[in-house]
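I have placed the structure first, in the form of structure tokens, so that the comments after it can refer back to it.
The values are calculated or read from the model by the stated rules, or taken from the named source; none is laboratory data. In this text, all values refer to a predicted model and were calculated from it rather than measured experimentally. Neighbour counts run over all protein chains shown; Cβ positions are idealised from the backbone, glycine included. Protein only, heavy atoms only, side chains kept; ligands, DNA and RNA dropped before computing areas. Shrake-Rupley method; radii C 1.70, N 1.55, O 1.52, S 1.80 Å.
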Amino acid sequence: MAGVEVEITGLDDVVNRLQRLANPRRTKSIARKAARQAMNIVRDAARNNAKAIDDPETSEKIFKNIKVSAGKTRNPNEIKMRVGVDGGASFSNPNPKPTSGGDTRHWRWVEYGKSGVPAVPFTRPALANNIQQVTNKFSEVFNAELDKELANL
């Protein structure tokens, strides 16, 4: 699945404030907090989408397993925040780790479909329909946290 990269322009004021902070670890921490809160919007939308398609006859609930998690990156100046279904999608492990929504490894067949079964995407539209809200939330939280940090200097 392809990621989405967002480029924000016109941030001269923010760049100046970051240079005043001059603490890359704290800056990264602020960015991580802002990214998590922004991606919570996508998580909530994906949960609502999954609730609409989850089978009420089964005990497995995909929406309960949708989580936000920090991703790994080799670049120390980057952060990555991911929204996905806890428990993965691999059937190679006969004893998957227990999750709050049950064994929902079938989520990928719902999201992407398979031969004879059409796709019913619930995670991809959650991001596509909320890009502006995610961007706004990130900017709002990042600016507020940066102002708080600069006030402590």
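Using only the Cα atoms of segment 65-117, build the gyration tensor, take square roots of its eigenvalues as a ≥ b ≥ c, and label the shape rounded, prolate or oblate: rounded if a/c is under 1.5, else prolate if a/b is larger than b/c, else oblate.
Values: a/c = 2.32, a/b = 1.68, b/c = 1.38.
Prolate is the answer for segment 65-117, as a/c is 1.5 or above and a/b outweighs b/c.
Give the residue list of trypsin sites (Lys or Arg not before Pro) in segment 70-114 that are DSSP loop and have at most 16 other beta-carbon atoms within 10 angstrom.
On the way: sites: 72, 74, 80, 82, 105, 108, 114; in loops: 72, 74, 80, 105.
Answer in residue order: 72, 74, 80.
Is there a pair in 33/148; 28/137; 80/137; 51/80; 64/97 whose C-alpha atoms are over 22 Å apart, and which pairs would that be? Don't skip to the answer; put the middle values down first.
Values: 33/148 13 Å; 28/137 17 Å; 80/137 16 Å; 51/80 26 Å; 64/97 14 Å.
Where the Cα-Cα span goes over 22 Å, the pairs concerned are 51/80.
Search the structure for amide H atoms under 5 Å from the amide H of residue 82, placed 1.01 Å from N in the peptide plane, and list their residues when 5 or more places away or on another chain.
The answer is 69, 70, 71.
If you stretched the chain out fully between residue 131 and residue 82, how much longer would it get, using 0.36 nm times the residue separation minus the C-alpha to C-alpha distance? Please report the intermediate quantities before stating the final value.
On the way: separation 49, 0.36 × 49 = 17.64 nm, distance 1.40 nm.
Using 0.36 nm per residue and subtracting the Cα-Cα distance, I get 16.2 nm.
For a quick check of understanding: with a 1.4 angstrom probe and all protein chains in place, what accessible area in square angstrom does residue 127 have, to the nearest ten?
Rounded to the nearest 10, that gives 40 Å².
Return the label of the correct value of semi-axes √(5λ) of the Cα gyration tensor in Å, as calculated from the structure shown, out of (i) 32, 21, 12; (ii) 36, 16, 14; (iii) 29, 22, 13.
So the calculated entry is the one marked (ii).
Could you list which residues have their amide H under 5 Å from that of residue 66, counting only those 5 or more apart in sequence or on another chain, with H placed in the peptide plane?
For residue 66, the qualifying residues are 86.
Multiply the residue gap between residue 55 and residue 144 by 0.36 nm, knock off their C-alpha separation, and tell me the result in nm, one decimal place. Numbers along the way, then the final one.
Working: separation 89, 0.36 × 89 = 32.04 nm, distance 4.10 nm.
Working it through step by step, the gained length comes to 27.9 nm.
What GluC sites (Glu not before Pro) in segment 53-100 are in a loop by DSSP, with at most 11 other Cβ atoms within 10 Å of the Cβ?
Numbers: sites: 57, 60, 78; in loops: 57, 60, 78.
Of the GluC sites (Glu not before Pro), the ones in loops of segment 53-100 whose Cβ has at most 11 other Cβ atoms within 10 Å are 57, 78.
When the Karplus curve 6.51 cos²θ - 1.76 cosθ + 1.60 is applied with θ = phi - 60°, which whole-Hz ³J(HN,Hα) does each residue of segment 55-64 get, with x for Gly and Pro?
Whole-Hz 3J(HN,Hα) from phi for segment 55-64: 6, x, 6, 9, 7, 7, 10, 4, 4, 6.
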